[in-house]
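Below is one structure; the comments refer to it alone.
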Amino acid sequence: MAYETITVDIKDHVALITLNRPEALNALNSQLLGELTTALEKADDSDKVRCMVITGSEKAFAAGADITEMADKGFVEMYRQNFFGNESDRFLRVRKPIIAAVSGYALGGGCELAMMCDFIIAADTAKFGQPEINLGVIAGIGGTQRLTRFVGKSKSMDMHLTGRFMDAEEAESCGLVSRIVPAKKLKEEALAAAGKIAEKSLLASMAAKDAVNRSYETTLAEGLNYERRLFFSLFATEDQSEGMAAFTEKREPQFRDK
Ligand code: CO8
């Protein structure tokens with residue numbers, strides 16, 4: 001399928017998806033979100049892909065939802081269309097790991113998109129923000145919920161109420177991003193992290209993603225129970241036997257996703 005607003009490169013079991021609307025700083029419109037979720041679903045289904053990386057340009061990961069697409073809409077249209085809702089739901093059903101590699105602006109829907117990924121690697125130039133308040137609205141694809149879970153109530157309120165931006169250092173110190181790398185090395189570092197993930201058993205990495213995400217949805221006792229069941233279930237896989245045999249035989253494991 002030919003995409004117009006993203007590019008997709010698959011190499012060494014990693015799908016690199018690059019947001020590509022430079023004229024609008026990668027602002028998210030329906031077409032881009034549709035293409036992005038379709039590309040992720042295809043990667044999720046493909047035997048050639050074991051991890052995905054979503055990135056933007058040096059100046060912007062994504063500067064938010066496309067304001068020009070939303071400006072003239074009314075409540076009824078937004079509600080009937082479930083604006084961005086279907087794409088968000090499809091995104092969250094992707095089971096393989098997704099890394100956000102963020103350089104420059106990740107604002108509004110761009111910050112929310114990064115937070116929907118499994119973890120964020122930030123360039124030292126990254127700027128995160130939820131500036132929707134300046135437009136007379138609020139975040140709409142998870143910002144008030146996810147940012148609060150990442151950084152706590154006080155900082156989340158600060159970001160949503162003042163619309164201020166957070167730099168990479170602050171984002172790392174409060175747990176929004178997993179690591180900071182020099183901007184010039186962002187793609188290389190994100191692909192290296194994805195490559196590491198791609199070496200593991202896909203069954204185990206999917207289970208790890210599932211279990212960590214469950215921690216946001218349930219009580220500690222239920223989450224621990226869920227984790228234990230997934231842990232036990234991995235003992236039905238050849239990859240568990242292989243991983244543990246390789247350790248005792250002091251060699252690299254050959255995972256076969258079985
Ligand atoms: N939407 C549309 N176009 C945009 C957007 C955007 N979010 N951001 C930037 N652009 C466009 C600009 O209009 C400009 O286009 P043109 O050259 O045709 O005038 C081009 O990108 C370059 O931008 P600037 O000239 O403004 O670049 P600067 O370097 O001066 O500034 C900023 C960069 C600070 C990022 C600035 O562009 C800005 O403030 N952008 C808007 C940021 C923003 O408010 N984001 C939140 C949008 S609302 C949102 O995300 C809601 C998400 C929830 C949706 C939920 C649905 C259920």
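Inside the stretch 128-164, can you point out the residues that are crowded, with 21+ Cβ neighbours inside 10 Å and touching a residue at least 40 places away in the same chain (Cβ under 8 Å)?
Phe128, Glu132, Ile141
Going by the structure shown, is Thr125 within 16 Å of the ligand (Cβ to nearest atom) and free of Cβ contacts under 8 Å to residues at least 12 places away in the same chain?
No: the conditions fail for Thr125.
Of the residues Glu217, Glu227, which single one is part of a helix (DSSP H, G or I), charged (D, E, K, R) and over 23 Å from Ala123 (Cβ atoms)?
On the way: Glu217 fails: part of a helix (DSSP H, G or I).
Within the list Glu217, Glu227, the selection yields Glu227.
Pick out the one residue from Ser241, Ser205 that is under 22 Å from Asp44 (Cβ atoms) and at pLDDT 95 or above. Steps first, answer last, please.
Working: Ser241 fails: under 22 Å from Asp44 (Cβ atoms).
Testing whether each residue is under 22 Å from Asp44 (Cβ atoms) and at pLDDT 95 or above leaves just Ser205.
Could you check, for the stretch 149-156, whether at least one of its residues is assigned by the TED database to the domain that holds Asp72, farther than 18 Å from Pro97 by Cβ and under 16 Å from the mean Cα position of the chain (by Cα)? Break it down into steps so the answer makes sense when it comes.
Within the stretch 149-156, the first condition is being assigned by the TED database to the domain that holds Asp72, and the residues that meet it are 149-156.
Applying the additional criterion that residues be farther than 18 Å from Pro97 by Cβ yields 149, 151-156.
Checking the rest, the ones that are also under 16 Å from the mean Cα position of the chain (by Cα) come to 149.
Yes; the residues of the stretch 149-156 include at least one that is assigned by the TED database to the domain that holds Asp72, farther than 18 Å from Pro97 by Cβ and under 16 Å from the mean Cα position of the chain (by Cα).
Of the numbered conditions (1) out of contact with any Lys or Arg (no Cβ under 8 Å at 6 or more places or on another chain); (2) farther than 25 Å from Leu202 by Cα, Ala106 satisfies every one except a single condition; which is it?
Answer for Ala106: the failing condition is (1).
Just to be sure before I move on: is Ala211 in contact with a helix residue (DSSP H, G or I) (Cβ under 6 Å, 6 or more places away or on another chain), within 28 Å of Lys11 (Cβ to Cβ) and not in a loop (DSSP other than H, G, I, E, B) in the structure I sent? Steps first, please.
Numbers: in contact with a helix residue (DSSP H, G or I) (Cβ under 6 Å, 6 or more places away or on another chain): yes; within 28 Å of Lys11 (Cβ to Cβ): no; not in a loop (DSSP other than H, G, I, E, B): yes.
Criteria not met by Ala211.
Could you tell me how many of the residues in the stretch 110-128 are in a helix (DSSP H, G or I) and either in the same structural domain as Arg214 (by the TED database) or more than 24 Å from Arg90 (Cα to Cα) (or both)? Spell out how you get there, then give the answer.
Narrowing the stretch 110-128 to residues in a helix (DSSP H, G or I): 110-116.
After this cut, where a residue has to be either in the same structural domain as Arg214 (by the TED database) or more than 24 Å from Arg90 (Cα to Cα) (or both) as well, the list is none.
Residues flagged as in a helix (DSSP H, G or I) and either in the same structural domain as Arg214 (by the TED database) or more than 24 Å from Arg90 (Cα to Cα) (or both) within the stretch 110-128 amount to 0.
Check Ile10, Ile54 and return the single one that is closer than 30 Å to Glu199 by Cβ, touching a Lys or Arg at 6+ places or on another chain (Cβ under 7 Å) and part of a strand (DSSP E or B).
Details: Ile54 fails: touching a Lys or Arg at 6+ places or on another chain (Cβ under 7 Å).
Exactly one of Ile10, Ile54 is closer than 30 Å to Glu199 by Cβ, touching a Lys or Arg at 6+ places or on another chain (Cβ under 7 Å) and part of a strand (DSSP E or B), namely Ile10.
Give me a count of the residues in the stretch 94-113 that are within 15 Å of the ligand (Cβ to nearest atom) and on the phi < 0 side of the Ramachandran plot.
First, the residues of the stretch 94-113 that are within 15 Å of the ligand (Cβ to nearest atom): 102-113.
Keeping just the survivors that are on the phi < 0 side of the Ramachandran plot gives 102-103, 105-107, 109-113.
The total comes to 10.
Filter the stretch 63-93 down to the residues that are within 8 Å of the ligand (Cβ to nearest atom) and not in a loop (DSSP other than H, G, I, E, B) and list them by number.
Ala65, Ile67, Thr68, Glu69, Met70, Met78, Gly85, Ser88
Can we say Met1 is touching a helix residue (DSSP H, G or I) at 6+ places or on another chain (Cβ under 9 Å), outside any helix (DSSP H, G or I) and surrounded by fewer than 19 Cβ atoms within 10 Å (Cβ to Cβ)?
On the way: touching a helix residue (DSSP H, G or I) at 6+ places or on another chain (Cβ under 9 Å): yes; outside any helix (DSSP H, G or I): yes; surrounded by fewer than 19 Cβ atoms within 10 Å (Cβ to Cβ): yes.
Yes.
Under 7 Å between Cβ atoms, at least 6 apart or on separate chains: pull out the pairs that start in the stretch 174-189 with a residue that is under 14 Å from Lys59 (Cα atoms) and end on any residue that is surrounded by fewer than 15 Cβ atoms within 10 Å (Cβ to Cβ).
Ala183/Glu58
The values are calculated or read from the model by the stated rules, or taken from the named source; none is laboratory data. Predicted model only: the values in this text are computed from it and were never measured. Note: ideal-geometry Cβ built from the backbone for every residue, glycine included; neighbour counts use all protein chains shown.
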